[in-house]
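K.L.:
Supplied in C-alpha cells, the structure appears directly below.
The values are calculated or read from the model by the stated rules, or taken from the named source; none is laboratory data. Quick caveat, the model's predicted, so the values are computed rather than measured. With ideal geometry, Cβ positions are generated from the backbone for all residues, glycine too; neighbour counts draw on all protein chains shown. These accessible areas exclude ligands, DNA and RNA; they are computed on the full protein's heavy atoms, side chains included. Shrake-Rupley method; radii C 1.70, N 1.55, O 1.52, S 1.80 Å.
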Amino acid sequence: VRDERLEPVALPAEGALAHEHRAVADDVGRGEQQRAGALREGAHVLRERRADGESARRAFMERIADTLATRIGDTGEAILAYRALVDELGPEKSWLTALESLYEKEEKWNELAETLETELSRADQDGDRLAVLARLGRVRKGHLSDLAGALEAYRQALDVDATHAPSREALEALLDDK
C-alpha cells in the first residue's frame, strides 16, 4: 500500500547549499544592519529628548556621540552629535579631540583646521598651544595647500617657544620648498 500524501524528498544540490549559506549570512548581515539602525534611531530620540537639567542633557548627548562614533561607527552622525555638543554647550577639549579624529578619518580638512583653531583659542598651557599650532601647520600645508596659513601657524608656535623643534623643522622644510 502506497501512501499518496508522502512526496519523495530531493536533496539539495551543492549550488543550492552554497545559496542557503549565503542566505543565512545575508540574514545575519541584515540583523546587524537592523541593530545599527535601531541604535541610530535611539540616538535620534535621545538627542531630541529634553533631559531634566543641563548635566543630564549633557550626559545623554555625550553617550549618543560616543555610541555613534565607537559602537556604531557612523562617522557622519557622530560628527553631527559632537557638533551639537559644542554648539549647544560650548567647546570642551574631549569633544574637540573627538571631532578632530572624526574629521581626519573623513578627510574633512577645512573642518579639522577650524576645530584646531577652536582648540588653540582655549589652550592655556604653552605645551598645548605648541602641539595644536604644529598640527594646524601640518594640516594647512599638507592637506589644504595653504602655505601662508602653515607659515603663520609655525611662526605663532615659535613666538611661544623659539626652540620648538617640530615647528622649526617644519618651517625650515617649508622655506626649502620655496
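K.L.:
Scan segment 113-165 for residues that are part of a helix (DSSP H, G or I), farther than 29 Å from Gly90 by Cβ and open to solvent by 70 Å² or more (accessible area, probe 1.4 Å) and jot them down.
P.N.:
Answer for segment 113-165, where residues must be part of a helix (DSSP H, G or I), farther than 29 Å from Gly90 by Cβ and open to solvent by 70 Å² or more (accessible area, probe 1.4 Å): Lys141, Leu147, Ala148.
K.L.:
Mind counting the residues in segment 76-90 that are surrounded by fewer than 16 Cβ atoms within 10 Å (Cβ to Cβ) and within 23 Å of Arg138 (Cβ to Cβ)?
P.N.:
Here the count works out to 0.
K.L.:
If you take the residues of segment 166-176 that are under 24 Å from Glu107 (Cβ atoms), of a type in the set (A, V, I, L, M, F, W, C) and in contact (Cβ under 8 Å) with a residue 12 or more places away in the chain, which of them is surrounded by the fewest Cβ atoms within 10 Å (Cβ to Cβ)?
P.N.:
Leu174
K.L.:
Something else: Scan Glu54, Glu48 and give me the residue that is touching a Leu at 6+ places or on another chain (Cβ under 8 Å), open to solvent by 90 Å² or more (accessible area, probe 1.4 Å) and modelled with pLDDT under 95.
P.N.:
Residue meeting the stated conditions: Glu54.
K.L.:
Kindly evaluate Leu96 against the criterion of being within 22 Å of His143 (Cβ to Cβ) and surrounded by fewer than 21 Cβ atoms within 10 Å (Cβ to Cβ).
P.N.:
Yes; evaluated as a whole, the condition is true for this residue.
K.L.:
What number of residues within segment 115-145 are acidic (Asp, Glu) and touching a residue at least 12 places away in the same chain (Cβ under 8 Å)?
P.N.:
3
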